[in-house]
Each structure stands twice: as structure tokens, then as C-alpha cells.
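The values are calculated or read from the model by the stated rules, or taken from the named source; none is laboratory data. Remember, predicted model here, so these are calculated numbers, not experimental data. Here the Cβ positions follow ideal geometry from the backbone for every residue, glycine too, while neighbour counts run over all protein chains shown.
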Amino acid sequence: MNFEYSDKVSDLIERVRGFIEKHVLPNEATHAGQIARNPWETPPIVEELKPRAREAGLWNLFLPVEYGRYSGGLTNMEYAPLAEEMGRVIWASEVFNCSAPDTGNMEVLAKYGSEAQKKQWLEPLLAGEIRSAFAMTEPGVASSDATNIETSMVRDGDEYVINGKKFYASGACRKQCRVLIVMGKTDPENSNRYIQQSMILVPIDAPGVTVTRPMQVFGYDDAPEGHAEIVFEDVRVPAANLLLGEGRGFEIAQGRLGPGRVHHCMRLIGAAQRALELMLDRANTRIAFGRPLIKQQSVREDIALSACQIEQARLLTLKAAQKMDTVGNKAAQDLIAMIKIVAPNMALDVIDRAMQLHGGVGLSQDTPLAHLWAYARTLRLADGPDQVHMMQLGRNLARRRAAES
């Protein structure tokens, strides 16, 4: 198994890294200040940097080669180290038009959308002109089991009428958000609970759509994207907005979440790597008890263990990405589950050690560590909680063992 990067990918890594070091890292304070003034608007610094990234050929890198004319031309394995670089700064991926939830939504539209849907929504998303959100999770049911979703979608002539309540719809608080991909039930009485659901495109300004509040994550509102609570009251959208067909919602969800899970893990490795680098800088320069922290044995052990964990997660992510490229997402589902379990927990461990080494400042707004920790902790739940992935992975491993006996 060869994880060496080609010359093309090595060049892209250097270019993405160089762009972030030159344009993104120096503007972290600018970005924070602009959000403080206008929380739900795309910060002007992002709009300023997006054309530069596009001109540099660092745009829409995430869509793998099977998406044809929409693809960035890279495989999942080739994209992995680029997403890692972007993960060093929470908002960096947007500069390259590679940020969630738009990446997953663009994949859905590219794979499952009609030509009219692609024209109306995919093309402006690929151009970075609009933003989008994904509305599946609901407050009233255990949404880790997507068959529980209760939002109703009732066919009425050439329209669907939508009623329900969603929350943690990431991206929907942003003023530039124009469309929601909404999962609901079109056939709730079907005996097959996996074909009760459908997905439909809902313009966020459709009558009856109300964003009631941004949900917080450990006190962060994650502006400008936010995690919206949304109420749908007799929302009418054209039947042509349905994705793929009635009863295909669960299928689309599974197709969307596989690559998205791996993208999250790629970015988490970058977040952990930055935490390690901050830890090293702190250890080398901070004096305690008359000598640099790096002279303390426990500090050296924390650094060593963090480096081991990051490299283990990096290699597992690359293996999952390579299997997705060679045999498809479904055949790679065990590895996708493994890295989705491993990467967030690894990042939490590493970032926590970095915060501890920094002392009080590590918990403050003066470093990115606290926000990165909150982001990593969220991803133990987003796209399926650890327990669901472990349950399914354990089941699959046991079934295969039984079949071999």
C-alpha cells in the first residue's frame, strides 16, 4: 500500500499550505473582528480571498473524479492532505470553496440532482456565489436513527407541502444561504422503514420557512454558518424539487454522509497537527520552575503521544480514502466507520493536551485551541455518533466472521 504523494499532489500541498500561511493565518484576527460586527454575513476577508484561491487553481478540490465535469480532478486520497492543511484554521476551507455543509450538498446535487436542479443550485454553489444547508436532524426524535425523522412531505398536485421542525442545520443562519436540502417522510406508513423518507430542495426564503434561532455548541454560535433551528409550516415547493424520487431519502443520506465523514476526519487531522505545533512552540519558549517546559518529562511524553496519535489517524484516513477510490464508498464503509470513531477522539486528546500545556490562555480566545476542541467534540456526534458507528462496525465484523466459520 503506497501512500506516497504524486508530484501533482505534492505541488498542491505546497500551494495550499503557502496560501494559508500567506493569506489565512495572518487574517485570523481580521476574520474574528468582522464576524463580531456582522455575525451572519460572509466576512469580507473571505470574499476577498476566494477569487485569489480560484485564480491560483485552488478551487473545488473536493469533488472526486467520478463527478465528471464538476470534479476538481482529484481522488479522495489526493484530496486528503489538502483538506488536512485547510483544517488548521476553522474557516480556511471556505476560501477554497471546500467547506461543509456545501461540499456534501454539492456532492448530492452532482450525483443525484436533475439537470434543472444542477443548473439552479449546483452551479452557483460551485461558483461560490451562494451557500446552502442540510436539514435532517430533529429535536423531537433520536435522529442518529434517520428512519425516526418525522417532518412530513405531502404531495398536493404539482407541489409538496412540508411541515416539521429541524435543528442543528449547519449553514442555515448565514444570510448568503439560499437553499436547504430537507429530509422528511413522504410515505410514513410504508412497511419498509428505509423507503419512507425523501429529500427535497427548499429555498430558504420560501413562505413558511422560519429560522428561529442559532443553536450553540459549547457557547460558540459558529457564526457565520451557525447551526439553525428551523420551523417548516405549510411550506410549498414544486414537486420537481424532489431529489431522485420518493422513498430515496435514506439512500441519498448514506451516499452523502460517507465522503462527508472522511472530509471531516481529514480536517480534524489538520486541527490536531496545528495543536501539536502550538504545543511545541509553547514547550520550547515557556519557562517554568527555572527551565523550558520541554525539559519536563511529562511534557515530552504528551508531545510524543500526540505525534503518534496524529500519524495513526492520518494513515487510517488515507487507507479509507484509497479504498473509497478503488472499490467504492460502500465497500469502504468499515474503514469510514473506523476513522470517524478514531479521528474526533484523537483530535480531542491532542487539543486537550495543548490546552493544558498553555495553561489559562489555552482556554481563551487568544489561541484557536478552545474553538478547535469544541469543533472536534461536535464531530463525535455529527454525521452519526460514535455509538452508531461502533454498533454497525461491530455487527459487520461479527457477520463476516460467522460467514467464514
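Tabulated data for the structure shown
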| item | result |
| --- | --- |
| Matching residues, the stretch 212-232, being closer than 24 Å to Gly113 by Cβ and more than 21 Å from the chain's Cα centre (by Cα) | Phe232 |
| One residue from Gln356, Gln365, Gln333 being touching a His at 6+ places or on another chain (Cβ under 9 Å) and polar (S, T, N, Q) | Gln365 |
| Top-ranked residue of the stretch 182-203 - restricted to ones that are surrounded by 22 or more Cβ atoms within 10 Å (Cβ to Cβ) and touching a Lys or Arg at 6+ places or on another chain (Cβ under 8 Å), ranked as nearest to Thr378 (Cα to Cα) | Val182 |
| Members of the stretch 344-363 that are at negative phi and small (Gly, Ala, Ser) | Ala347, Ala354, Gly360, Gly362 |
| Options Leu180, Leu125: the member that is within 15 Å of Val237 (Cβ to Cβ), touching a Ser or Thr at 6+ places or on another chain (Cβ under 9 Å) and of a type outside the set (Val, Ile, Thr) | Leu180 |
| Test: residue in the stretch 126-142 that is closer than 19 Å to Val65 by Cβ and either surrounded by 15 or more Cβ atoms within 10 Å (Cβ to Cβ) or modelled with pLDDT of 95 or more (or both) | yes |
| Sole exception among (1) at pLDDT 95 or above; (2) part of a helix (DSSP H, G or I); (3) of a type in the set (Val, Ile, Thr) for Thr367, by number | (2) |
| The stretch 217-244 residues that are closer than 17 Å to Ala376 by Cβ, paired with ones that are among the aliphatic types (A, V, I, L, M) and buried (at least 22 other Cβ atoms within 10 Å of the Cβ) (beta carbon under 7 Å, 6 or more apart) | His227/Ala169 |
| Residue tally, condition at positive phi and surrounded by 21 or more Cβ atoms within 10 Å (Cβ to Cβ), over the stretch 314-341 | 0 |
| Exclusive hit being assigned by TED's automatic domain parsing to the domain that holds Phe96, in contact with a His (Cβ under 7 Å, 6 or more places away or on another chain), more than 25 Å from Leu109 (Cβ to Cβ) and at pLDDT 95 or above, set Arg52, Arg17 | Arg52 |
| Only one of Ile341, Ile351, Ile336 that is over 22 Å from Met390 (Cα atoms), of a type in the set (Val, Ile, Thr) and assigned to a helix (DSSP H, G or I) | Ile351 |
| Filtered residues of the stretch 299-320 (kept if charged (D, E, K, R) and either in contact (Cβ under 8 Å) with a residue 24 or more places away in the chain or outside the structural domain of Ala271 (by TED's automatic domain parsing) (or both)) | Asp302, Arg314, Lys319 |
| The stretch 223-254, residues that are of a type in the set (Asp, Glu) and crowded, with 24+ Cβ neighbours inside 10 Å | Glu225 |
| Failed condition for Leu278, given (1) over 19 Å from the mean Cα position of the chain (by Cα); (2) surrounded by fewer than 18 Cβ atoms within 10 Å (Cβ to Cβ) | (2) |
| Residue check for Leu393: under 16 Å from Val262 (Cα atoms) and either at pLDDT 95 or above or in the same structural domain as Leu276 (by TED's automatic domain parsing) (or both) | yes |
| Helices (runs of 4 or more DSSP H) within the stretch 24-114 that include 1 or more residues under 19 Å from the mean Cα position of the chain (by Cα) and within 15 Å of Val262 (Cβ to Cβ) | 76-86, 92-95, 102-112 |
| Checking Leu257 against (1) under 20 Å from Gly362 (Cα atoms); (2) crowded, with 20+ Cβ neighbours inside 10 Å, the condition it does not meet | (1) |
| Any pair with Cβ under 9 angstrom, 6 or more apart, that starts in the stretch 22-44 at a residue that is closer than 25 Å to Thr212 by Cα and ends at one that is among the acidic types (Asp, Glu) | Gln34/Glu41; Ile35/Glu41; Pro39/Asp221; Trp40/Glu225; Thr42/Glu94 |
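Yes/no per residue for (1) over 18 Å from Asp281 (Cα atoms); (2) among the small types (Gly, Ala, Ser); (3) over 17 Å from the mean Cα position of the chain (by Cα):
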{"position": "Val327", "(1), (2), (3)": "yes, no, yes"}
{"position": "Ile339", "(1), (2), (3)": "yes, no, no"}
{"position": "Pro344", "(1), (2), (3)": "yes, no, no"}
{"position": "Met355", "(1), (2), (3)": "no, no, yes"}
{"position": "Val361", "(1), (2), (3)": "no, no, yes"}
{"position": "Leu369", "(1), (2), (3)": "no, no, yes"}
{"position": "Trp373", "(1), (2), (3)": "yes, no, no"}
{"position": "Ala376", "(1), (2), (3)": "yes, yes, no"}
